[in-house]
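Have a look at the structure below before the remarks.
The values are calculated or read from the model by the stated rules, or taken from the named source; none is laboratory data. Remember, it's a predicted structure, so these values are computed and weren't measured experimentally. Positions of Cβ are generated from backbone atoms using ideal geometry, with glycine treated the same way; all protein chains shown enter the neighbour counts.
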Amino acid sequence: AQSVTQLGSHVSVSEGALVLLRCNYSSSVPPYLFWYVQYPNQGLQLLLKYTTGATLVKGINGFEAEFKKSETSFHLTKPSAHMSDAAEYFCAVSPSGSARQLTFGSGTQLTVLP
Amino acid sequence: EAGVTQFPSHSVIEKGQTVTLRCDPISGHDNLYWYRRVMGKEIKFLLHFVKESKQDESGMPNNRFLAERTGGTYSTLKVQPAELEDSGVYFCASSHDLGGIDYEQYFGPGTRLTVT
């Protein structure tokens with residue numbers, strides 16, 4: 001069975017500072033990996049995904065994530081936080097070869113301080 | 001292109017009552033998913049439709065939950081009778097399914113269900 005662990009249910013950063021949201025997964029084979037963001041009163045929006053190929057994945061809004069198989073990690077980063085980045089972020093996995101049933105982490109609420 | 005829509009946005013019902021949640025996927029999306037987030041916990045998969053057929057309902061918690069997708073368009077999720085532990089946010093998502101390749105799931109805003 002797959003599982004996802006997001007370290008830190010709440011993360012605060014200053015505007016302009018580095019954003020680092022951690023995600024580790026457990027899977028018998030390398031899965032597909034996703035980061036979603038949820039802004040207040042909206043649905044989840046896909047930020048980026050890793051399926052195969054290049055392990056450094058760039059997404060929308062300046063975010064990127066690196067798949068590290070040896071560390072079973074898929075941490076999300078952004079060099080410079082903006083106030084508009086304040087939201088809840090979810091890491092998710094699905095079985096390799098399929099983007100169907102997603103297994104989510106418990107989410108990380110990002111606060112950006114002025 | 002309209003996104004995934006869900007109705008109602010909020011529902012407050014008493015224990016023992018029945019509630020029906022509706023999801024309208026993006027037009028043309030054959031895959032439709034239901035997920036649920038109980039307060040403070042992770043979002044969990046409930047079930048997956050391909051057109052009108054249930055492809056995977058392994059996440060449905062018990063037989064008080066009934067999902068349908070008549071005609072392969074919108075879907076409903078009925079909870080009868082509702083229990084306190086059913087409270088949470090119910091998300092619907094849809095995606096293309098072309099030639100066995102699965103595409104990005106687009107999520108709706110969710111229905112917040114409170115059972116008192």
**Asked** Taking into account only those residues within segment B:28-39 that are under 15 Å from the mean Cα position of the chain (by Cα) and either surrounded by fewer than 13 Cβ atoms within 10 Å (Cβ to Cβ) or charged (D, E, K, R) (or both), which is nearest to B:GLU104 (Cα to Cα)?
**Response** B:ASP30
**Complete:** Inside segment B:3-27, the number of residues satisfying the requirement of being in contact with an Asp or Glu (Cβ under 8 Å, 6 or more places away or on another chain) and either free of Cβ contacts under 8 Å to residues at least 60 places away in the same chain or crowded, with 17+ Cβ neighbours inside 10 Å (or both) is 4
**Prompt:** Does segment B:1-27 hold any residues that are farther than 15 Å from B:SER94 by Cα and among the acidic types (Asp, Glu), and which are they?
**Reply:** B:GLU14
**Request:** Among the residues of segment A:68-83, write down those that are modelled with pLDDT under 95 and either exposed (fewer than 14 other Cβ atoms within 10 Å of the Cβ) or not polar (S, T, N, Q) (or both).
**Result:** A:LYS68, A:LYS69, A:SER70, A:GLU71
**Prompt:** Which of the residues that make up segment A:72-114 are more than 14 Å from chain B (Cβ to nearest Cβ) and acidic (Asp, Glu)?
**Reply:** A:ASP85
**Prompt:** Restricting to segment A:39-82, what's the tally of residues that are more than 29 Å from B:ARG112 (Cα to Cα), of a type in the set (Lys, Arg) and touching a Gly at 6+ places or on another chain (Cβ under 9 Å)?
**Reply:** 1
**Asked** Looking at segment B:1-27, which of its residues are assigned to a loop (DSSP other than H, G, I, E, B) and under 22 Å from B:GLU85 (Cα atoms)?
**Response** B:PRO8, B:SER9, B:GLU14, B:LYS15, B:GLY16, B:GLN17, B:THR18
**Item:** Matching residues, segment B:28-56, being touching a residue at least 24 places away in the same chain (Cβ under 8 Å), assigned to a strand (DSSP E or B) and more than 16 Å from B:HIS96 (Cα to Cα)
**Value:** B:TYR35, B:ARG36, B:ARG37, B:ILE43, B:LEU46
